[in-house]
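Worksheet for the structure shown next.
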Ligand code: B12
Ligand code: SF4
């Protein structure tokens, strides 16, 4: 079969030429090619990331970044038998509707498959993209896409494929998880516009070093109440061997001259033996690269020996998932983390000059003014112990998470319209209000935390959202 995979345009709050490394499409493409299919990928985000236009969603103005829909449709190669679109976020729903309707208008008979975190989390919502009487999406894939996509391409009847949902199917199932990740090929980066990814990090910032993303494990056994990772990769942690990861890194160095690796795992250090083995090999092989773990390292998995190896192996920009400095809130989040452990790990990082950054969440249900201040004071203490800066966000209940279920039950949601809900929780736009706080109070707390913890990003009473991004906004976009 000839399959065309598409990364759609994105909505974003800032006017920045963002890219995605598209590892999801890369993995699916490589898997299909391994089994004899012909694959092409249209990365409309990276290819069109200078095409930034204002767009309106139900509650907020955003920017739409990427090629126009007509341009995407015109790039679909003749002879395509099946089209797959990735939708990594729930707020992609509107874009998916618009794009799929354009594709179906031109190619009504080509089956359209949708995968990613959005359909995995809200399959019914994702499937029912009507325009008049016509359904835009033929199949929705829930969970890992490699096996269902291969089976669809191999003409296996859809009713027999786990993780494939379509109109008329009664049961929603999740795709079979790939048990041995070493068995699947590396992402088909040769189909992607990799040159466009090399100098832009995951948040659209300029990266001096040639950098690419690598995924070394899937799944996470923890149940942090706010986390939306499980609908795609599940609770069972599956990991690639250190040898397999080193092979991929060597390939990236040889093929793309990569100097820095961004590991994007949910939980890269869960198994300390595997993590140490990976670090040992990075040290032994002297690959001359640096690396970071963008999603944050789980503090409970770290210790002094591991941190020393992280440093020696080229680990930079260490992000620590702290979330709160109040033990009561940490417990409410089911973080399984104590403030003593946080303190210990930050001190060691400080001594090793690892300059960690901490994730901090504001506005979790139960957070009173007192517990918020306790959290900020704790973070100030961490700054004196070696924490470089804090990445602040406002608690956002993503669908199907325990936090979302609880907020719904308690009537805490400002808007229960997950497609359109204010998605950009690092901005002061709270979607939770509780007896302890309203939206105004959360904005106040956010600004206060920003001023006390990140004074450089706070100026004259105004938060400078991503002041650093200005560095890479091209002149033509600064209108
Ligand atoms: C890197 C990352 C980012 C990067 C870039 C994302 C990207 N896609 O490149 C950045 C930093 C920009 C980012 C931003 C955000 N992110 Co993010 N991000 C991630 C992260 C850590 C890795 C994504 C990734 O590449 N995974 C690896 C690939 C292999 O997985 P995948 O893309 O899901 O693909 C698999 C399946 O989904 C499926 N599949 C995917 N596409 C397709 C297509 C077809 C046709 C098929 C059949 C199957 C299929 O098969 C693939 C292989 O098995 C994930 C966590 C995670 N574990 O995935 C969170 C995650 C996706 N992000 C999340 C969130 C919440 C956000 C933000 C909203 C955060 C914020 N507050 O601003 C923003 C949204 C930005 C926006 N414009 O809307 C949530 C998604 C929640 C949701 N349900 O929508 C996740 C799951 C994190 C979490 N634990 O909660 N993110
Ligand atoms: S936040 Fe991290 S540790 Fe917690 S469940 Fe999600 S991936 Fe696992």
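Quick notes
- Bridge type composition, the stretch 194-352 - antiparallel percent by DSSP, nearest 5: 20
- Average Cα contact separation per residue, the chain, under 8 Å, 6 or more apart, as relative contact order %: 12
- Cβ crowding within 10 Å ranks 391, 28 as 391, 28, fewest other Cβ atoms first.
- Calculated log₁₀ intensity ratio I(q)/I(0) where the Debye formula runs over C-alpha points of the chain, q = 0.09 Å⁻¹: -0.62
- Pairwise Cα inverse-distance average, inverted: Kirkwood Rh of the stretch 2-165 (Å): 15.9
- Exposure proxy order (Cβ contacts within 10 Å, fewest to most) of 247, 453: 247, 453
- Relative exposure of 333, 1, 82, judged by other C-beta atoms within 10 Å (fewest first): 1, 82, 333
- Only helices enter this figure: runs of n ≥ 4 DSSP H residues, each worth -39500 (n - 2.57), summed and divided by the residues of the chain, yield -9500 deg cm²/dmol at 222 nm to the nearest 500.
Coordinate-derived values only; no laboratory data. Small disclaimer: the values here were computed from a predicted structure and weren't measured. Reconstructed Cβ throughout: ideal geometry from the backbone, glycine too, with neighbour counts over all protein chains shown.
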